[in-house]
């Protein structure tokens with residue numbers, strides 16, 4: 001049946017129809033299927049349900065020393081760090097801006113950020129431009145739109161070549177060595193070659209394409225932590241909502257405000273999928289909310305992520321509409337923007353030359369090649385709606401001590417010439433639930449960029465570069481704050 005353009009497409013009935021169509025499309029297209037030109041032809045028999053993509057010659061560019069895939073917190077830092085160390089750097093990003101979860105994901109707050117290096121530099125820049133809220137050193141809120149501009153300027157100053165709207169589509173090795181990456185964009189398929197690559201895709205896409213082993217969730221597979229879609233809201237009077245607004249500095253946070261916000265949502269007649277909804281004040285009457293969970297979704301299953309995004313966006317809208325109808329301090333509240341990208345907590349963890357594990361957290365491990373010291377606690381969000389009814393998140397009974405993340409965890413075990421940075425480094429489920437926050441991603445990116453630059457310029461592989469050598473380069477090339 002053809003729907004009339006005059007029908008209300010936001011109605012629950014039509015939304016259910018749409019989600020059913022998405023699910024049907026997922027069933028019709030098996031995960032990992034390959035598609036190509038319908039004009040392709042071959043004399044060889046093709047099994048049913050398979051399309052054989054013809055080979056083609058691609059333009060090959062080899063003008064970079066280091067290629068970074070993914071321009072989220074880890075990737076953009078890695079690119080800047082490598083460029084400052086003297087490398088020619090290409091940075092590929094599939095979204096239309098730099099920053100990843102900071103910007104396209106509307107994360108809105110920085111955690112475990114009390115660190116030297118690029119983290120300190122960025123925090124100072126945000127403060128100098130009036131783009132941060134709160135005076136905490138470890139955590140504070142920021143304006144996502146302003147973050148985009150700051151990151152673009154920093155990349156420009158360092159000499160990073162940026163290409164947006166471009167996704168890593170394939171990786172090719174010669175023996176163990178990663179040699180070529182193929183991207184897809186409006187420009188078509190293009191091939192790129194560099195001595196060293198950094199996978200900062202968040203979900204370890206490049207590493208998986210190159211043949212690296214990985215885990216996801218609690219073991220080799222899900223269950224994994226849920227996804228959440230953040231949103232920016234505009235209210236009439238933020239002062240009137242202070243009873244529900246979480247402190248920007250998490251060390252001073254009042255957890256009772258999350259409970260108060262949940263009770264208000266329930267009073268409005270709605271039970272949120274996340275039992276610990278959180279609201280921050282970004283600036284004046286601009287608020288940030290994280291109020292939903294999407295359970296059991298693999299981030300590399302595009303159909304499942306699509307369905308989760310649609311459901312999450314609908315839930316956020318329903319909650320805000322319900323709060324507005326309460327009136328009082330909620331009168332006039334509205335959504336300014338929902339995130340372009342749903343927030344992913346749990347993606348691939350790529351096998352490295354060291355695996356950060358539960359025991360590291362319990363013991364407060366120290367390593368000679370430590371690229372950063374993580375201080376954030378274990379933060380495992382409910383793995384199912386049933387668990388969410390008992391607790392929105394848990395530390396699994398583990399009291400983590402500050403622990404080191406070694407450089408070896410950033411060096412791919414199965415493929416040479418490849419590093420990882422961000423939440424896709426080598427770690428187990430418990431450790432990942434701590435180090436996945438963006439303060440640690442920045443520190444990892446800074447280290448990976450410096451090591452990649454040194455390796456590329458000296459004809460070595462990343463595992464042949466010492467951390468002492470890389471740390472000296474970072475300290476040498478680091479801008480002096482205020483100069």
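The values are calculated or read from the model by the stated rules, or taken from the named source; none is laboratory data. Note that the coordinates shown come from a computational prediction; the quantities given were computed from them, not determined experimentally. Every residue, glycine as well, gets a Cβ built from its backbone with ideal geometry; the counts of neighbours run over all protein chains shown.
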Scanning for something in contact with a helix residue (DSSP H, G or I) (Cβ under 7 Å, 6 or more places away or on another chain), modelled with pLDDT of 95 or more and closer than 20 Å to residue 119 by Cα, does the range 454-466 turn up at least one residue? no
Check off (1) assigned to a loop (DSSP other than H, G, I, E, B); (2) modelled with pLDDT of 95 or more; (3) outside the structural domain of residue 452 (by TED's automatic domain parsing) for residue 203 and give me the number that stays unchecked. (3)
Tell me which of these residue 353 doesn't satisfy, since it passes every other one: (1) in the same structural domain as residue 119 (by TED's automatic domain parsing); (2) touching a residue at least 24 places away in the same chain (Cβ under 8 Å); (3) more than 30 Å from residue 211 (Cβ to Cβ). (3)
If we scan the range 112-124, do we find a residue that is at positive phi and over 20 Å from the mean Cα position of the chain (by Cα)? yes
Selected residue (only one of 111, 91, 126 is touching a strand residue (DSSP E or B) at 6+ places or on another chain (Cβ under 7 Å), surrounded by fewer than 22 Cβ atoms within 10 Å (Cβ to Cβ) and assigned by TED's automatic domain parsing to the domain that holds residue 446): 126
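Give the residue, chosen from 427, 422, that is more than 22 Å from residue 291 (Cα to Cα) and either in contact with a strand residue (DSSP E or B) (Cβ under 6 Å, 6 or more places away or on another chain) or free of Cβ contacts under 8 Å to residues at least 40 places away in the same chain (or both). Give the derivation first.
On the way: 422 fails: either in contact with a strand residue (DSSP E or B) (Cβ under 6 Å, 6 or more places away or on another chain) or free of Cβ contacts under 8 Å to residues at least 40 places away in the same chain (or both).
On inspection, the qualifying residue turns out to be 427.
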Considering every residue within the range 446-461, establish whether at least one is out of contact with any strand residue (DSSP E or B) (no Cβ under 9 Å at 6 or more places or on another chain), in a loop (DSSP other than H, G, I, E, B) and either in contact (Cβ under 8 Å) with a residue 12 or more places away in the chain or closer than 20 Å to residue 363 by Cβ (or both). yes
Could you run through the range 168-205 and say how many residues are in contact with a helix residue (DSSP H, G or I) (Cβ under 7 Å, 6 or more places away or on another chain) and surrounded by fewer than 22 Cβ atoms within 10 Å (Cβ to Cβ)? 1
Within the range 235-268, how many residues turn out to be at pLDDT 90 or above, in contact with a strand residue (DSSP E or B) (Cβ under 8 Å, 6 or more places away or on another chain) and assigned to a loop (DSSP other than H, G, I, E, B)? 3
